[in-house]
Amino acid sequence: MRAFVRSGALVMILLLGGCQARKEIAFSDVSVTLPDDTTTLPQGPGADLVTTSCTACHSPAMILTQPRLTPAQWKATVEKMQKVFKAPVADKDVPAIVDYLVATNEAVTK
């Protein structure tokens, strides 16, 4: 499959068994109003790091409703956010963020 932009529309060309199928797709802007999240993260060691590093993309409510994960699973998740999704997390902050998420997650899911 190849894609290119022509006249403001995305054009995809699918090569199927030697035949070409061409379909043009146009995108438009939409406005979305998200509900306010009044949930706050519990205080504790690492809370400030989680607030500054994670809440740019994740609401506190979303962070607090995750399934209970082991420290190794939280570490893998934080490292994935850092390396794959380019979350603004310094390597030196990963252990403190993981410790906070483990402690908070255990307290919330009990």
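Accessible-area rank, largest first, for Ile97, Ile25: Ile25, Ile97, with all protein chains present and a 1.4 angstrom probe. Shape call for region 40-107 from the C-alpha gyration tensor, a ≥ b ≥ c root eigenvalues: rounded (a/c under 1.5), prolate (a/b greater than b/c) or oblate? It comes out rounded by the Cα gyration axes.
Taking 0.36 nm per residue of separation and subtracting the current Cα-Cα distance, fully stretching the chain between Ala76 and Leu34 would add 12.2 nm.
Computed with a 1.4 Å probe over protein heavy atoms only, the accessible area of Leu34 comes to about 130 Å².
Per residue, the accessible area of region 35-110 comes to 64 Å² when a 1.4 Å probe rolls over the protein heavy atoms. For the peptides 49-56, 67-74, the ranking by packing is 49-56, 67-74, with the highest mean count of neighbouring Cβ atoms within 10 Å listed first.
In what sequence, largest accessible area first, do Asp48, Asp37, Asp93 appear using a 1.4 Å probe?
So, going from the largest accessible area down, we get Asp48, Asp37, Asp93.
Using heavy atoms of the protein chains and a probe of 1.4 Å, the accessible area assigned to Thr65 is about 100 Å².
The values are calculated or read from the model by the stated rules, or taken from the named source; none is laboratory data. Fair warning: this is a prediction, and the values are worked out from it, not measured in the lab. Ideal geometry is used to build each Cβ from the backbone, glycine not excepted, and the neighbour counts take in all protein chains shown. The area values use the complete protein model at the heavy-atom level, side chains included, leaving out ligands, DNA and RNA. Shrake-Rupley method; radii C 1.70, N 1.55, O 1.52, S 1.80 Å.
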